[in-house]
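The values are calculated or read from the model by the stated rules, or taken from the named source; none is laboratory data. Remember, it's a predicted structure, so these values are computed and weren't measured experimentally. Reconstructed Cβ throughout: ideal geometry from the backbone, glycine too, with neighbour counts over all protein chains shown.
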Amino acid sequence: MEHTVAIVGRPNVGKSALFNCLAGRDISLVFDRPGTTRDRLVTSARWDEHRLTLIDTGGIGVEDREGFADAIAHEVDLALAAATEIIFVVDAREGLTPLDQTVARHLRKSQRPVFVAANKVDGEKQAHLEGEFSQLGFKGVFPVSAAHRRGLDTLRNAIVSGWAEPAEEELVRPARPTRLAIVGRPNVGKSSLINTLISEPRAIVSPVAGTTRDAVDIAYTWRGEPFLFIDTAGMRQERRMQDELERAMTGRTAHTINRADVCILVVDASTGVTMQDKKIASLIQDAHAPCMIVVNKWDLAREQGDASRAKEREYYEQVQRDLFFLSYAPVLFLSALTGERIEGLLKTVGMIAKNRSYRFQTGPLNRVISRAMEKYAPPLVRGRRFKVLYAAQQAAKEGAREIPTLQLFVNSSELLTPAYERYLDLQLREAFELRGCPLRFILRGRTTGMRDKTRSQVKTHPVAKRREPRRVSKKT
């Protein structure tokens, strides 16, 4: 039996902090403000030999001036419907509140086993604060501290005590899904795009900018391939951030770019590529992440009579110019609202995921590089030309992002200019299937050691100073 444990409670009792502790990694955004969590966060976890699904939820009874209270309550109800066990988080320092009792009545209707986690019992002085919660009549009250990781084993053991021994197939580690980060400015349609992809209202959608506050992981299987969509908070310009919560949200999105296998940069067709889009694209470039660019809301262009093939081609070329440093990224025009061309996104993502593990044959690889250098010789740098003596593919290091990586044995790594590096990159892309993936060069020179250069990095090449002729004074 597959177990799903939902973590619920009123706002600001430490649900997200406890969720991170029980999951064993920092997933949910923790911030000292009621209502920080809005979406339903889902992750897989392992407690000893048991595999389970953990769900973090927004606070029940949150007072939200932006009108998200009903949407948060709906997400909580969905979590309770999917749960086999429930952890009811309360604040031991504040004691039993009327809102806790309201939540408890709601949980009794679910007819699921409920375990009360009396959080914020950080030391011996708070050791007996959980006593009054026993009157709720649930499976038990467990004093814990998410901040100091106290009492977690006792809570876990109580929950799994009634579980059957896992079957042999449950002990086998499942295939790792391809992680897809959906990133972009606020209100470009990231959450709507995910909901359309999985044909389910999984992420809260609202015209209010900044609706999504955390990185929401959503598992999905397409044609037998497991994917993990990561919906992220929209990234504002630094000067437009209103408080520390927005800065924390932006930091979480940047972290998501670093941990994703493929990034999907969403651009609003009605506004085109903005300066903030370019800044987000530069984060993808710096992370050396495989990427595709999605121009969303293309249906609005059709309503305006501008969705012709010629217009699309013109728009495509403009995107290519504005985001030239992501030239390897495919560009797709679609509408999350109508579902137009949505299947093309999944096909493109599948192609990029496949290209990440592309394997070069050494012979053809060296022939392509030799022909490229014969066709267009490298420029002279301090009287010398760059030469590739031999090229071979290098396997990705354990724990590193997998992208096509070539080790080039060269005469001197310092002689490779950025322009000629881009030329070699383009020649290799014409010969091999690398769409959507940056190409990394690791140069090993005869005398200068090893240097790692990734195609997406643009560096200024040092220019040799001209030596002025020495002036000799004439003696009279």
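Side notes on the structure shown:
- Taking the criterion of being in contact with a helix residue (DSSP H, G or I) (Cβ under 8 Å, 6 or more places away or on another chain), at pLDDT below 75 and not small (Gly, Ala, Ser), the residues of the stretch 42-72 that qualify are Val62, Glu63, Asp64.
- Residue ranges of helices (runs of 4 or more DSSP H) in the stretch 141-258 with at least 1 members at pLDDT below 80 and touching a strand residue (DSSP E or B) at 6+ places or on another chain (Cβ under 9 Å): 168-171, 190-198
- The one condition from (1) closer than 26 Å to Tyr420 by Cβ; (2) in a loop (DSSP other than H, G, I, E, B); (3) at pLDDT below 90 that Phe325 does not meet is (2).
- Screening the stretch 378-418 for residues that are acidic (Asp, Glu) and under 30 Å from Arg259 (Cβ atoms) and picking the one that is surrounded by the most Cβ atoms within 10 Å (Cβ to Cβ) gives Glu402.
- Ala310, sole failed condition from (1) assigned to a helix (DSSP H, G or I); (2) free of Cβ contacts under 8 Å to residues at least 60 places away in the same chain; (3) aliphatic (A, V, I, L, M); (4) crowded, with 17+ Cβ neighbours inside 10 Å: (4)
- The stretch 392-432: number of residues that are hydroxyl-bearing (Ser, Thr, Tyr) and either closer than 19 Å to Ala289 by Cβ or part of a loop (DSSP other than H, G, I, E, B) (or both): 3
- All conditions in (1) within 30 Å of Asn187 (Cβ to Cβ); (2) assigned to a loop (DSSP other than H, G, I, E, B) hold for Ser357, with the sole exception of (1).
- Any hit, the stretch 101-112, residues being in contact with a His (Cβ under 6 Å, 6 or more places away or on another chain) and at pLDDT below 90: no
- For the stretch 102-122, a residue qualifies if it is in a strand (DSSP E or B) and without any contact (Cβ under 8 Å) to a residue 60 or more places away in the chain, and the qualifying residues are Val114, Phe115, Val116, Ala118.
- Residue count, the stretch 343-367 (criterion: surrounded by fewer than 18 Cβ atoms within 10 Å (Cβ to Cβ) and of a type in the set (Val, Ile, Thr)): 1
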